[in-house]
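In what follows, a single structure is set out as structure tokens and then discussed.
The values are calculated or read from the model by the stated rules, or taken from the named source; none is laboratory data. The structure displayed is predicted, hence computed values, not measured ones. No Cβ is skipped: glycine too gets one built from the backbone with ideal geometry, and neighbour counts run over all protein chains shown. Areas reflect the complete protein model, heavy atoms only, side chains present, ligands, DNA and RNA absent. Shrake-Rupley method; radii C 1.70, N 1.55, O 1.52, S 1.80 Å.
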Amino acid sequence: KLCEGILNILEKDTKTSCQVACLEALRILSRDKKVLVPVTTKRNMQILMRLAKLDTVEDPLERVSEFPVIVEALKCLCNIIFNSPVAQKLSLELNLAAMLCNLLEKCKDQQFVDDIKCFDLRLLFLLSLLHTDIRSQLRQELQGVQVLTQALESSLSVRWTEEYKAAEDRDRPPLSLQDTDCAIEALKALFNVTLDSWNVHSKNESHQFRYMAAILRYCLLTTGPTEDKTEELH
């Protein structure tokens, strides 16, 4: 009942501070699988997707004041999808993976979106881990390998000297914590999406995998903000 009450408030046009507080409470409650059973419905998923700006294909991410709401809504979706098989099935029906790829595209060349990008990637990782049909959709329909590789390249700030050769700068500073976390989530999602890719057929696929291999090599030469984070990244 508490979750339903929170979602009823979130369905209304309330203040940003109220939305963030409600989403934070829902995120904590959504860790309990028993709590999720009555609230994992198509309507409630759509409420959270709207708050995460996943239902607006064309609208750019412009209002920085809304970014905390987007992040908290994505965190809630991560918990719900991880803990609920019903939510995993609804994700395919609601075309959630395509919307997440679109949101990732909007994060390009934007400031203050690292947290949005990170939880978008985490959600793509969870979907590709828990739902084989979504994994296939990402690979075949949504150019998931390209989208995720570009997200990884952006997080690592790769510079190129040749088509498949990244610049090696041994003196470059460690990655920031946020960039490291984004890179880790992109790598996890990439692993799932490329899991069944042992047989590469097309010229475009061959290019994509050579491009990804160069970025992975660059990643191994990159350090994170701490020893533990560097180990996790590698």
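Here ALA213, ALA183 are screened, and the one residue that is loosely packed, with under 14 Cβ neighbours inside 10 Å, free of Cβ contacts under 8 Å to residues at least 60 places away in the same chain and not charged (D, E, K, R) is ALA213. Just so you know, in segment 20-42 the residues that are open to solvent by 80 Å² or more (accessible area, probe 1.4 Å) and basic (Lys, Arg) include one that is farthest from VAL64 (Cα to Cα), and it is LYS34.
Put simply, of SER128, SER136 the only residue that is of a type in the set (Gly, Ala, Ser), within 20 Å of VAL193 (Cα to Cα) and touching a residue at least 60 places away in the same chain (Cβ under 8 Å) is SER128. Quick one: would you say LEU129 is among the aliphatic types (A, V, I, L, M) and open to solvent by 70 Å² or more (accessible area, probe 1.4 Å)? Yes: the conditions hold for LEU129. Could you list, in sequence order, the residues of segment 45-70 that are among the hydrophobic types (A, V, I, L, M, F, W, C), surrounded by 16 or more Cβ atoms within 10 Å (Cβ to Cβ) and under 25 Å from ARG135 (Cβ atoms)? Across segment 45-70, the qualifying residues are MET45, LEU48, MET49, ALA52, LEU54, ILE70.
Go through the residues of segment 85-102 one by one and say whether even a single one is in a loop (DSSP other than H, G, I, E, B), open to solvent by 80 Å² or more (accessible area, probe 1.4 Å) and either out of contact with any helix residue (DSSP H, G or I) (no Cβ under 6 Å at 6 or more places or on another chain) or of a type in the set (Phe, Trp, Tyr) (or both). So far as segment 85-102 goes, no, none of its residues is in a loop (DSSP other than H, G, I, E, B), open to solvent by 80 Å² or more (accessible area, probe 1.4 Å) and either out of contact with any helix residue (DSSP H, G or I) (no Cβ under 6 Å at 6 or more places or on another chain) or of a type in the set (Phe, Trp, Tyr) (or both).
Restricting to segment 103-114, what's the tally of residues that are part of a helix (DSSP H, G or I) and either in contact with a Gly (Cβ under 8 Å, 6 or more places away or on another chain) or open to solvent by 70 Å² or more (accessible area, probe 1.4 Å) (or both)? Walk me through it before giving the result.
Of the residues in segment 103-114, the ones part of a helix (DSSP H, G or I) are 103-106, 114.
Pick out the ones that are also either in contact with a Gly (Cβ under 8 Å, 6 or more places away or on another chain) or open to solvent by 70 Å² or more (accessible area, probe 1.4 Å) (or both) and you get 105.
Selection size over segment 103-114: 1.
When ASN95 is tested against (1) over 16 Å from the mean Cα position of the chain (by Cα); (2) more than 20 Å from SER154 (Cβ to Cβ), only condition (1) is not met. Considering the conditions (1) under 10 Å from ILE215 (Cβ atoms); (2) in a loop (DSSP other than H, G, I, E, B), GLN150 is excluded by exactly one of them, (2). Does segment 145-168 contain any residue that is more than 30 Å from ALA87 (Cα to Cα), open to solvent by 10 Å² or more (accessible area, probe 1.4 Å) and touching a residue at least 60 places away in the same chain (Cβ under 8 Å)? Looking for residues that are more than 30 Å from ALA87 (Cα to Cα), open to solvent by 10 Å² or more (accessible area, probe 1.4 Å) and touching a residue at least 60 places away in the same chain (Cβ under 8 Å), one finds at least one in segment 145-168, hence yes.
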